[in-house]
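One structure below.
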Amino acid sequence: EKGGYAHFMLKEIFEQPRAIREATAARLQGGRVILQDLTMTEEEIRNIGRIIIIACGSSYHVGMVGKYNLERMLRRSVEVVLASEFRYSDPIVKRGDLVIAISQSGETLDTMAALREAKKRGARILSIVNVVGSSIARESDDVLYTWAGPEIAVATTKAYSTQMAVLNMLGLYFADILGTIDRQTYSEMVRDMQRVPEYIEKILESAESIHDIAREICKSEDVFFIGRNLDYALSLEGSLKLKEISYIHSEAYASGELKHGTISLIVDGTLVIALGTYGPLFDKALSNVVEVQARGAKVLALTTQTHAEEMGRHVPMVMTIPDIHEMLLPQLGVVPLQLLAYYIALERGCDIDKPRNLAKSVTVE
Ligand code: M6R
C-alpha cells in the first residue's frame, strides 16, 4: 500500500506532481482557467463584498499564501483567519461576502463551526476540500475539490500543494472577471502553473542531497525559519512540518520581526532556515542571513536558481528550486521543506506517519 516507500508521507510527497496535474488539468485549458464546478455567476463575482479565508493548520498556511496572491491579483484586501478564532469572534460577515473554507479532510470541527457561523450571517461559502462528500463539502454553496487522492500521513503534503493550486486558479479566475490582472501576468501564470508538476519532479530528483543536509542538522533542538512576503507564508508551513514530525522546537518569523525580539534567541550554532525564494525581496533576505550569521547562526538557505550563486557565497548549505512566476514560488519551495522535515524525522527515528498526540482529522475542539 505504501508502494515501495518507507512511509506514507514520502509516498505522498512523491505523488505531488501527479496530484497537482489532477487538480489542474481540467481547469487549465487553452491558456485559460476554467472552473466548471463553480456555480457563481460573473455578476455574483463582481458583487463579492469581503473575502475571508478560514482554515486550520497547514490549510491555514495555504490561506496565508492565498492572501498574498489574491490581494495581488484582485487588488483588494483578503483576510485569512484561523477557524478556531473566527468562530468565537462574533465575526463581521454579511450577505454578499465570500468565505473560503480550506480543508483536506472536510471534517475539521473548528472549520466546520466557522463555516456555519459565516453561513448563519448570510455569507456565501466556497470550500476547497479533498475528501469528496465530506461534511464541509456538503454544507458549502460551492466546492472546488483538490483531487489529491487519499492522504494517509498525518503531516499533509499533497493536500497542501493541491489546495494552493486550486486557490491560485480561483484567484486568476476572479481577477479575469474583475479585470484586475493584465493579460501578460494571466498568461504567464497559467503557463507556469502547468509547469509546476515537472519542476517538482526535478526537485524530487535531488531528494538525496536534502537527506544529506538533514543528516547534518538533525541534532538541532531549536530551529528558526525566516522569510518575507510569500517566503514568510512558506516558512509557517516549513516550520509546522518540521516540528510536527521531528518534535524539534521550531518557529517561523517574518524576517522584519527579527530585531523586534527574536534575534536575542540567536546564539552561536543556532540553526536558521532562511527562505529567500521571493525575487523582489532577495536582497533583504540576504541581509537578514548576514545579520543572523554575525550572531553565530548556522544557516541553511532556500532560494531559486537565479540567486543560488549569490546565496552560496554567503551560506554553506543551500537548497535550490527552479525559477517560476513569483506567485508560484511556494508551490515549489514547499517540496524541499517537506523532504527536509521527513529526513530529519527519519534520522531521529520518529514515528513519521503517526506523530505523537496528533490525529489526521481533528473532529474535536
Ligand atoms: O483536514 P484539514 O485540512 O482541515 O486539517 C487541518 C489541520 O489539522 C492539518 O492541516 C494539520 O495542521 C496537519 N497535520 C499539518 O500537517
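The values are calculated or read from the model by the stated rules, or taken from the named source; none is laboratory data. Bear in mind the structure is a predicted one, so any value in this text is a computation, not a measurement. Cβ atoms come from the backbone with ideal geometry, glycine included; neighbour counts cover every protein chain shown. Ligands, DNA and RNA are excluded from the accessible area calculation, which covers all protein heavy atoms including side chains. Shrake-Rupley method; radii C 1.70, N 1.55, O 1.52, S 1.80 Å.
Remarks
- Condition check for G149: on the phi > 0 side of the Ramachandran plot and either within 16 Å of the ligand (Cβ to nearest atom) or among the charged types (D, E, K, R) (or both): yes
- The range 337-365: number of residues that are within 14 Å of the ligand (Cβ to nearest atom), in contact with an Asp or Glu (Cβ under 9 Å, 6 or more places away or on another chain) and of a type outside the set (D, E, K, R): 9
- Any hit, the range 54-67, residues being away from the ligand (no atom under 16 Å from the Cβ), of a type in the set (A, V, I, L, M) and in contact with a helix residue (DSSP H, G or I) (Cβ under 7 Å, 6 or more places away or on another chain): no
This table checks each residue for (1) among the hydrophobic types (A, V, I, L, M, F, W, C); (2) part of a helix (DSSP H, G or I).
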{"residue": "A274", "(1), (2)": "yes, no"}
{"residue": "D283", "(1), (2)": "no, yes"}
{"residue": "G296", "(1), (2)": "no, no"}
{"residue": "T320", "(1), (2)": "no, no"}
{"residue": "Q338", "(1), (2)": "no, yes"}
{"residue": "V364", "(1), (2)": "yes, no"}
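- Only residues that are open to solvent by less than 10 Å² (accessible area, probe 1.4 Å), assigned to a strand (DSSP E or B) and within 16 Å of the ligand (Cβ to nearest atom) were counted across the range 208-253, and they come to 2.
- Matching residues in the range 258-314 - criterion: being farther than 24 Å from R215 by Cα and at pLDDT below 95: L258, K259, H260, G261, T262, I263, S264
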